[in-house]
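Here is the structure we will look at.
Bear in mind that the values in this text are calculations on the coordinates, not laboratory data. Please read these numbers as outputs of a predicted model, since none were measured by experiment. Neighbour counts run over all protein chains shown; Cβ positions are idealised from the backbone, glycine included.
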Ligand SMILES: [Zn+2]
């Protein structure tokens, strides 16, 4: 038996215990956005560090931050000539929402059929746990082919502000050749996929203020300036014709897609009808003949997500202020700062007497495009092929993962987005679940990936220089 087949046999034998441990992990209420859960975050970080120590990792520690802690660990010693794999995942979760919408308690793992139900089961505790169990399988059978570093974030769902801030400072302790992140999806249990592009993101709040307080629409209607009225014009102006974004210069940096890339996307990506089914509504028309998959991945978007007038103003009042929130998704080579500037310029047109417009800009995330052909991508594709028995596809995602752009900037090493989530997992919603057969295949994919990386060591850019 080789080290890899021994590890696979171990992982198959221990499946039941792995699921029991995952149930412990999802039981921590790790809602990073809610300060009331701070102790749940601490306890979960401690559980993870203890677990990593117990399976044989070294330096397992909890890095305190000004926010929620980061969990760190690395394998003992150094396997000579072997690449170092950084495994990134996040143990924080989205708020659970209304308890009444959950069939079973969100922070109590419940198995029904092939699925484990709990908040965070798929995003991201189950996915990160697949790699931990792959490490354990190798460490328990004595043949780990790579050096490994674990870095588990407690703030991914709020944009990873602390980890992004500390990344360049801690980079010398990480010293990795390849990064793997499992926090994405595959189209179905028998269609594995690697994500090779993420859109960037920019969140904006436009606020229009007028009268010092809400005033009576009968006594003052016709004379008082109306912030809400102006805000609706701003919103309308940003939505261009046929679903395009109506902001001068917005598309200037958007790359034109090659015919080869469009054909690849058409052959591998979701069809229009699959996307229509997933979004639960038909798509509005748009010119230029893009598929819906292209529209949601290689084109940028601007979505107004909320418009709110002064909540103290009644139905017969002119509100003192009104705000709109925008979610902008960016593609290469757009830059969040430049796009925020375009919006600022647009807003600088005089709003009319008695009105003031202000703009709040959130931390932006740059778009990311990864290689489909470097040594790490090939090692991952081959691992999926072995574990799932089918060729994986490379997909673009319309979503954003803030830390990935930070990794690109800090490390300039290959990054693999090896997702084990499924479209029906219901992440961020009620009754989130993780498909256990995919969890088990995920563990085996990670085991094969580590072995393939070892064999591909010389084709990795960081290793070639040693
Ligand atoms: Zn996630």
Say R0 is 56 Å: what FRET efficiency, to the nearest 0.05, do residue 46 and residue 306 get from their beta-carbon distance?
0.95
Starting from the alpha-carbon convex hull of the stretch 44-95, give the projected area averaged over all orientations, in nm².
4.4 nm²
On full extension of the chain, what length is gained from residue 33 through residue 13, given 0.36 nm per residue of separation minus the C-alpha to C-alpha distance?
3.4 nm
Based only on the alpha carbon positions, what is the Kirkwood hydrodynamic radius of the stretch 83-153, in angstrom?
14.0 Å
With the crude spin-label approximation of a point 7 Å out along Cα→Cβ, what separation in nm comes out for residue 65 versus residue 235?
3.3 nm
Using only the alpha carbon atoms of the stretch 324-399, find the Kirkwood hydrodynamic radius as the inverse mean reciprocal pair distance, in angstroms to one decimal.
16.4 Å
Estimated distance in nm for a label pair at residue 350 and residue 276, the labels positioned 7 Å out from Cα along Cα-to-Cβ
4.8 nm
Rounded if a/c is under 1.5, else prolate if a/b beats b/c, else oblate: with a ≥ b ≥ c from the C-alpha gyration tensor eigenvalues square-rooted, which is the stretch 315-466?
oblate
The stretch 367-436-the stretch 271-287 distance, computed between alpha-carbon centres (Å):
23 Å
If we sort 401-414, 445-458, 28-41 on the protection proxy, mean other Cβ atoms within 10 Å, highest first, what's the order?
445-458, 401-414, 28-41
Report the gain in length on full extension from residue 79 to residue 290: 0.36 nm times residue separation, minus Cα-Cα distance, nm rounded to one decimal.
71.1 nm
First check a/c for the stretch 388-466, with a ≥ b ≥ c the square roots of the eigenvalues of its C-alpha gyration tensor; if it is under 1.5, answer rounded, and if not, answer prolate when a/b is larger than b/c or oblate otherwise.
oblate
For the stretch 289-355 and the stretch 79-129, write down the distance between their C-alpha centroids in whole Å.
33 Å
Between the helical axis of 259-268 and the dominant principal axis of the chain, each derived from Cα atoms, what acute angle in degrees is found, rounded to the nearest 10?
70 degrees
Residue 369-residue 264 pseudo-label distance in nm [points 7 Å out on the Cα-to-Cβ vector]
1.0 nm
Considering only DSSP beta bridges with both partners in the chain, what is the antiparallel share in %, to the nearest 5?
70 percent
With Cα atoms, 0 to 90° folded angle of helix 15-26 axis to the chain main axis
30 degrees
Return an integer: the convex hull volume of the alpha-carbon atoms of the stretch 25-133, in Å³ per residue.
111 Å³
Based on Cα positions only, what radius of gyration and what Dmax would you give for the chain, in angstroms?
24.1, 87
Can you give the helix-only mean residue ellipticity at 222 nm for the chain, where every DSSP H stretch with n ≥ 4 adds -39500 (n - 2.57) and the sum goes over all residues, rounded to the nearest 500 deg cm²/dmol?
-11000 deg cm²/dmol
Degrees between helix 227-238 axis and first principal axis of the chain (Cα, 0 to 90, nearest 10)
60 degrees
Here, the stretch 112-237 modelled as identical Cα point scatterers in vacuum has Debye log10 I(q)/I(0) at q = 0.11, 0.14, 0.22 Å⁻¹ of -0.68, -0.87, -1.48
